[in-house]
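Asks: I'd like to ask you about the structure that follows.
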Amino acid sequence: MKVDVRYGPAYALAMVTLNAQETIQVEGGAMVGMSADMEMETGASGGLLKSFSRKMFGGESFFLNTYTGVTDGDSVALAPPLPGDISVIEMKGETLMVQSGSYLASSTGIEVDTKWGGAKTFFGSEGLIMLKVSGTGTLIVSSYGAIHPVTLAAGQKYVVDTGHLVTFEEHLKFDIKKVAGWKSTLFSGEGLVVELTGPGELSLQSRSQDSFLSWLIPKIPKQTTYVSSGS
């Protein structure tokens with residue numbers, strides 16, 4: 001499998017080239033175009049229970065699409081729903097936590113599941129759940145805006161708005177906190193944050209979907225109902 005990311009970081013497109021009988025699992029709605037002889041199959045990845053969990057608690061599609069190359073060189077173009085960047089991660093047996101909505105695609109050998117952390121639940125103004133992605137293979141993630149990597153040294157702490165977090169390594173310690181007091185949390189526009197402690201790596205997105213919606217929704221004209229006075 002070869003992945004070529006083009007047009008980033010604003011409008012990234014992932015061109016995935018497969019060998020014959022090679023497959024890639026793709027989030028529903030992410031396909032832009034594909035080779036005419038490419039085979040596609042839609043199914044509940046990991047079984048119905050795992051797929052239901054991903055849909056209800058992870059914000060992902062219930063079904064995933066699997067694309068299979070018929071001849072060497074078959075390709076499929078993938079893009080996220082929002083303008084932003086795409087990152088290709090070659091995993092070698094490690095585990096990453098991926099923001100709900102950032103998972104785009106993965107090769108054979110990668111398992112995607114919803115991460116349950118008991119009280120350590122990620123949430124923002126609209127609810128943020130992290131997916132647990134593990135295994136060996138190629139993982140493709142997307143972002144709203146550009147992707148910014150951060151490396152933490154041992155014991156180093158870093159605070160991130162939950163709406164800007166894309167990925168982080170599972171072994172990183174984390175703690176959900178208020179920005180300051182409840183007044184700041186409610187009125188500063190920052191909401192809740194997560195404090196991560198190294199060593200390890202994480203990635204951020206330069207824009208927040210929640211922040212964009214908070215800006216956009218008040219500007220949408222409300223529907224006006226006109227009542228005819230009759231003749």
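The values are calculated or read from the model by the stated rules, or taken from the named source; none is laboratory data. In this text, all values refer to a predicted model and were calculated from it rather than measured experimentally. In this analysis, Cβ positions are derived from the backbone assuming ideal geometry, glycine residues included, and neighbour counts consider all displayed protein chains.
Asks: Of the residues Gly29, Gly8, Gly46, which single one is modelled with pLDDT under 95, farther than 22 Å from Pro81 by Cβ, of a type outside the set (A, V, I, L, M) and assigned to a loop (DSSP other than H, G, I, E, B)? I'd like the intermediate steps shown before the answer.
Replies: Values: Gly29 fails: farther than 22 Å from Pro81 by Cβ; Gly8 fails: farther than 22 Å from Pro81 by Cβ.
Selected residue: Gly46, the only one of Gly29, Gly8, Gly46 that is modelled with pLDDT under 95, farther than 22 Å from Pro81 by Cβ, of a type outside the set (A, V, I, L, M) and assigned to a loop (DSSP other than H, G, I, E, B).
Asks: So which residues in the range 199-231 are modelled with pLDDT of 70 or more and more than 30 Å from Leu82 (Cβ to Cβ), if there are any at all?
Replies: Across the range 199-231, the qualifying residue is only Pro199.
Asks: Let me ask another. Name the strands (runs of 3 or more DSSP E) wholly within the range 65-118 that hold at least 1 residues that are surrounded by fewer than 18 Cβ atoms within 10 Å (Cβ to Cβ)? Don't jump to the end; show me each part of the working.
Replies: Details: elements: 74-78, 86-99, 103-107, 110-114.
Fully inside the range 65-118 and qualifying: 74-78, 86-99, 110-114.
Asks: Considering only residues that are at pLDDT 95 or above and either within 24 Å of Gly145 (Cα to Cα) or among the aliphatic types (A, V, I, L, M) (or both), which ones fall in the range 68-82?
Replies: If we filter the range 68-82 for residues that are at pLDDT 95 or above, which is where we start, we get 68-79.
Correct list: Val70, Val76, Ala77, Leu78, Ala79.
Asks: Say we look at the range 117-140 and pick out the residues that are farther than 30 Å from Asp4 by Cα and hydrophobic (A, V, I, L, M, F, W, C); which of these is modelled with the lowest pLDDT?
Replies: Within the range 117-140, the subset farther than 30 Å from Asp4 by Cα is 117-127.
Next cut, hydrophobic (A, V, I, L, M, F, W, C) only: 119, 122-123.
Values: Ala119: 32, Phe122: 54, Phe123: 50.
So the residue we want is Ala119.
Asks: Within the set of pairs 6 or more residues apart or between chains, which connect a residue that is closer than 15 Å to Met97 by Cβ inside the range 184-201 to a residue that is among the β-branched types (Val, Ile, Thr) and at pLDDT 95 or above with Cβ atoms less than 8 Å apart?
Replies: Every condition considered, the pairs that remain are Gly198/Thr151; Gly200/Thr151; Glu201/Val150; Glu201/Thr151.
Asks: Another one. How about the range 178-198: which of its residues are touching a helix residue (DSSP H, G or I) at 6+ places or on another chain (Cβ under 9 Å) and modelled with pLDDT of 70 or more?
Replies: So in the range 178-198, the residues touching a helix residue (DSSP H, G or I) at 6+ places or on another chain (Cβ under 9 Å) come out as 178-179, 189-194.
Residues satisfying the conditions are Lys178, Leu192, Val193, Val194.
Asks: Against the definition (without any contact (Cβ under 8 Å) to a residue 40 or more places away in the chain and over 16 Å from Ser106 (Cβ atoms)), how does Tyr11 come out, yes or no?
Replies: Values: without any contact (Cβ under 8 Å) to a residue 40 or more places away in the chain: no; over 16 Å from Ser106 (Cβ atoms): yes.
So Tyr11 fails the test.
Asks: Restricting the range 130-145 to residues that are part of a strand (DSSP E or B) and in contact with a Lys or Arg (Cβ under 6 Å, 6 or more places away or on another chain), which is surrounded by the most Cβ atoms within 10 Å (Cβ to Cβ)? Even if it seems obvious, please write down each step before you answer.
Replies: Just the residues of the range 130-145 that are part of a strand (DSSP E or B), to begin with: 130-142, 145.
Narrowing the set further to residues that are in contact with a Lys or Arg (Cβ under 6 Å, 6 or more places away or on another chain) leaves 130, 132, 136, 145.
Values: Met130: 26, Lys132: 17, Thr136: 13, Gly145: 20.
So, considering only residues that are part of a strand (DSSP E or B) and in contact with a Lys or Arg (Cβ under 6 Å, 6 or more places away or on another chain), the one surrounded by the most Cβ atoms within 10 Å (Cβ to Cβ) is Met130.
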